[in-house]
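Asker: Pasting a structure here, questions to come.
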Amino acid sequence: MELINTKYEDGILTIGLKGHIDSANAAQVEKEITEAWGQYPGSSIIVDCSDLEYISSAGLRVILRLRKQDSELKVTNVSSEVYEIFDMTGFTEMMEITKAYRKISVEGCEVVGEGANGKVYRIDPDTIVKVYRNPDSLPDIKRERELARTALILGIPTAIPYDVVKVGEGYGSVFELLNATSFAKIIAQDNSRIDEIVELAVDLLKKIHGTVVKEGAMPQMKSVAVKWVTFLKDYLPQAEYEKFLRMTQEVPELPNMLHGDYHLKNVMLQNGEVLLIDMDTLCTGHPVFEFASIFNAYQGFSELNHQIIQDFQGISYETGGEIWQKILHLYFAGKSEEEIQKIADKAKLIGYARIMRRSIRRGGLDSAEEKALIESCRRHIIDLLATTDSLVF
């Protein structure tokens, strides 16, 4: 066939369109499609536009007639220029049409941020890309974009992704961040700025926690934390497990925003403005869950292997401990030392539960190093439960 190429697999006929389709060749294109489809009766159709450079109204009518014969018709890998034609003519509202993703490489690029679900790279002086760990991350990308948009509307300073790209076998979201530097990099370059940076981080954290989110706009963190604790049923003494679960279930479901992975690599300074990145963990709930995540970032994950925080955030374990304490004392300014440490203990309980569950689920019981981490978390949880009767503060 001269004007199209075809591939049939698992009941789906993929028809690849080529070059320009206009009034001069639209009839021949439709004839070739009809002949190809006739060889596979009952098959569904995907129209692949990877090699399509232009389509006129005559070509659009061919697509429309295909759509009438196959209500599940999909059009994929559409260039930005061709997508604009589909969009202006209303085709994007009638059928599923997806853009092609430009391909980029992050090899040799600076890692400027990192979260639970991906890494953030600077690909040029003006642009960063968040590359997701999950290769099938398109739904995650859409979800994060919606969460980031919600946060921005509510007044949280963040960047909205403006493009989706293919990175190796996975996907990434592209952001424009001019002259932005992560808080972690600032401290790694100049340790004397710790007080200044922590103060900025706490100011933003208070703004996040002071933001009330409409019900259903973000997931509740409490349900996640309950799952962490429930997982530990077979690994804790029964009395301690039941107390821990009850305390977690008793935490109120607040409508206040949480970031969910708040650390120095996810906060950036751009021309004097503080920006929050890595928004896929946004949720709502009690701040004890946020402080559990903060504790893990600066102490919990690195407790038995101090190199972890050095590799992850570029700071020493001792500096991480200093930052953790400064965050606590700034956020809870006015409370006594005893009150602050009790709050820290509540956060640690949730933090250790997360680490312990994470390690066990990743096969940690088969590794001497991970078994030591699991046992350390277990001891911490039991000890903290002996002196803690509520996770609320």
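The values are calculated or read from the model by the stated rules, or taken from the named source; none is laboratory data. Fair warning: this is a prediction, and the values are worked out from it, not measured in the lab. Every residue, glycine as well, gets a Cβ built from its backbone with ideal geometry; the counts of neighbours run over all protein chains shown. The protein model used for the area step is the full one, side chains on, heavy atoms only, and it has no ligands, DNA or RNA in it. Shrake-Rupley method; radii C 1.70, N 1.55, O 1.52, S 1.80 Å.
Asker: Go through ILE381, ILE355, ILE340 for me and flag whichever is out of contact with any Phe, Trp or Tyr (no Cβ under 6 Å at 6 or more places or on another chain) and among the hydrophobic types (A, V, I, L, M, F, W, C).
Answerer: Within the list ILE381, ILE355, ILE340, the selection yields ILE355.
Asker: So which residues in the range 69-116 are within 30 Å of LEU264 (Cα to Cα), open to solvent by less than 60 Å² (accessible area, probe 1.4 Å) and among the acidic types (Asp, Glu), if there are any at all?
Answerer: Across the range 69-116, the qualifying residue is only GLU114.
Asker: Can I ask one more? If I go through the range 354-390 residue by residue, how many of them are open to solvent by 60 Å² or more (accessible area, probe 1.4 Å), of a type in the set (S, T, N, Q) and under 19 Å from VAL226 (Cα atoms)?
Answerer: The qualifying residues number 0.
Asker: Do you know which of the residues in the range 225-243 that are in a helix (DSSP H, G or I), of a type in the set (A, V, I, L, M, F, W, C) and touching a Lys or Arg at 6+ places or on another chain (Cβ under 9 Å) is surrounded by the fewest Cβ atoms within 10 Å (Cβ to Cβ)?
Answerer: Result: PHE231.
Asker: Looking for whichever is touching a helix residue (DSSP H, G or I) at 6+ places or on another chain (Cβ under 7 Å), modelled with pLDDT under 95, β-branched (Val, Ile, Thr) and open to solvent by less than 10 Å² (accessible area, probe 1.4 Å) here; the options are VAL267, VAL288, VAL251, VAL274. Which one fits?
Answerer: When all the criteria are applied, what remains is VAL267.
Asker: Please specify each residue of the range 140-189 satisfying the condition of being buried (at least 18 other Cβ atoms within 10 Å of the Cβ) and assigned to a loop (DSSP other than H, G, I, E, B).
Answerer: Listed by number, the residues that qualify are ILE156, ALA159, PRO161, LEU177.
Asker: Give just the number: which of (1) surrounded by fewer than 20 Cβ atoms within 10 Å (Cβ to Cβ); (2) more than 20 Å from MET247 (Cα to Cα) does PHE393 not satisfy?
Answerer: (2)
Asker: Moving to a separate point now. Within the range 157-210, which residues are over 28 Å from ILE315 (Cβ atoms) and touching a Leu at 6+ places or on another chain (Cβ under 9 Å)?
Answerer: ILE160, VAL164, TYR171
Asker: For the range 1-56, enumerate the residues that are assigned to a loop (DSSP other than H, G, I, E, B), in contact (Cβ under 8 Å) with a residue 12 or more places away in the chain, within 25 Å of SER80 (Cα to Cα) and of a type in the set (A, V, I, L, M).
Answerer: LEU3
Asker: Scan the range 330-342 residue by residue and report those that are outside any loop (DSSP other than H, G, I, E, B) and surrounded by fewer than 20 Cβ atoms within 10 Å (Cβ to Cβ).
Answerer: If the condition is that a residue be outside any loop (DSSP other than H, G, I, E, B) and surrounded by fewer than 20 Cβ atoms within 10 Å (Cβ to Cβ), then LEU330, GLU337, GLU338, GLU339, ILE340, GLN341, LYS342 are the ones that fit.
Asker: If you don't mind, there's one more thing I want to ask. Just to be sure, is ILE46 closer than 21 Å to LYS166 by Cβ, open to solvent by 10 Å² or more (accessible area, probe 1.4 Å) and among the hydrophobic types (A, V, I, L, M, F, W, C)?
Answerer: yes
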